[in-house]
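A.B. asks: Shown below is the structure under consideration.
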Amino acid sequence: MKRLFLTMVASVVIPLAAVLNVAACEVAAEALTVRGKLARTVEANGWLIATDKEKYLILNARRFQSEAWFREGAAVEADGETKPGTITIYQEGIPFEVRSMRPQGGGANKSAEVNDAKGLTRVSVTGEAMVQAQPDTAIVTIAVVTQNTNASEAQAENASKTDAVVRAVKAAAGAGAEVKTSGYSLQPQYVYKENQSPTISGYIARNSVVVTMGELNKVGAVIDAGVRAGANNVDNLSFTLRRDRPARSQALTEATRDAVSKAQTLAQALGGRVVRVVEVQEGGAARPPIARTYQAEFGRASSSADATTPIEVGALDIRSQVQLVAEITTTP
C-alpha cells in the first residue's frame, strides 16, 4: 500500500510542474513588429491586425482611429508588445499594445510617422469674433392701463381704448406687421390702515399689445399712433435679426480663423508647426437671441401733431466662439 501511495504522488507532481512551466511561458510579453490588415472584431469598436498566421487584438485602437488611413482592410505595420495576461470577452486574437502604427505603402507613411513621433504636443485655443449687422425686425410692446372704482367700468374703458389702439397701430405699421395681445390683467387696489383689514379702493385693468414689424422706419410712427389712440405705457422696444444665418456664418468663420491663427502662433513660439487639427467645437451651449432693447414709458403723445418719436436703430453685435484642439511639433 505504501508503494502505491508514493507512485501516485510522483505522478501528480510531474504534471503540476509542467503546468507551471507552461504558464510561465504564456505570461511572457514579447516585443515585435506586426504586418497585416486591419479588421473589425466581434466586440463593438474592436480592431485587430490579421496576418497570414495570426490575429493580433489591438488594445489601444482608439489612439489611431482618427488617422485617415485607419480603416477596415488597410495594410499596416505596427510596433508593440504582446500582453498575454489580458483577458477580453471573445479572445479573438493575441492581445497587442501598439506603440506606433503606419500604413504600408502609399504616400501616407510620412504623415503617420510624424504623428507618432516624439515631440508632438496638443494645444487647446479659443477663437472669438464679432461682426455687426443691421436688424431686420422691430418688436414694440405698448399697453393700455385704466383705473376705476368699479371693476366692470375699468374693464370696459380698457377694452374700448385697447380696440382703438390696435386699429391705430395696425394702420401705422402697415399690412406686413403682426399685432397681437401679449398680456391682460385686472387687479384690485387696496388701502391699508393700521389695525384694520385692507379695503379695495378701485381696480386697474391692463392690456398689453405686441407689434412685430419689418419696416423699421415706421417704429416711431407706430408708437405715436398707439399713444394718441389711448396707450399710456410703452413697455419694451427691441430690434432683432430674424434672418441671422449669413451674419452668424461670418462670425463663426472668423472665430475659426482666429483659433487657427492662435494655434499657429503657439507652434511658432515653440519652434514648431501645426501638424493637424484634432477637434473643433463651437463655443457656448445656448444661442442667445440677437436683439437690442430700449425701455421707456410715455405718458402722452408729442404736443405737435406732426412730430414723430425719433428712433435710432443702430447695428447689432453678433458674437461667435470656437474651441480648437491642434497637434503641434515642438522639435526643430
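Readers should treat all values here as calculations from the given coordinates under stated rules, not as data from a laboratory. Note that this is a predicted model, so its numbers are computed, not measured. For neighbour counting, all protein chains shown are included, and Cβ atoms are generated from backbone atoms with ideal geometry for every residue, glycine included.
A.B. asks: Ranked by Cβ crowding within 10 angstrom, fewest neighbours first, how are VAL166, VAL191, VAL144 ordered?
C.D. replies: Going from least to most buried by this count: VAL191, VAL166, VAL144.
A.B. asks: Over region 137-240, what is the relative contact order in whole percent, taking alpha-carbon pairs under 8 Å and six or more residues apart?
C.D. replies: Computed value for region 137-240: 49 percent relative contact order.
A.B. asks: Over the residues of region 182-279, compute the C-alpha Rg and express it relative to 2.2 N^0.38 Å.
C.D. replies: This ratio for region 182-279 stands at 2.25.
A.B. asks: Using the basic label-point model (7 angstrom from Cα toward the beta carbon), what is the THR149 to ALA269 distance in nanometres?
C.D. replies: Label-label distance for THR149 and ALA269, simple model: 7.6 nm.
A.B. asks: Looking only at Cα atoms, what is the convex hull volume of region 130-205 per residue, in Å³?
C.D. replies: Spelled out: Cα convex hull of region 130-205, divided by residues, is 138 Å³.
A.B. asks: Something else about it: Going by how many other beta carbons lie within 10 Å of each one, how would you line up LYS37, LYS262, fewest first?
C.D. replies: LYS37, LYS262
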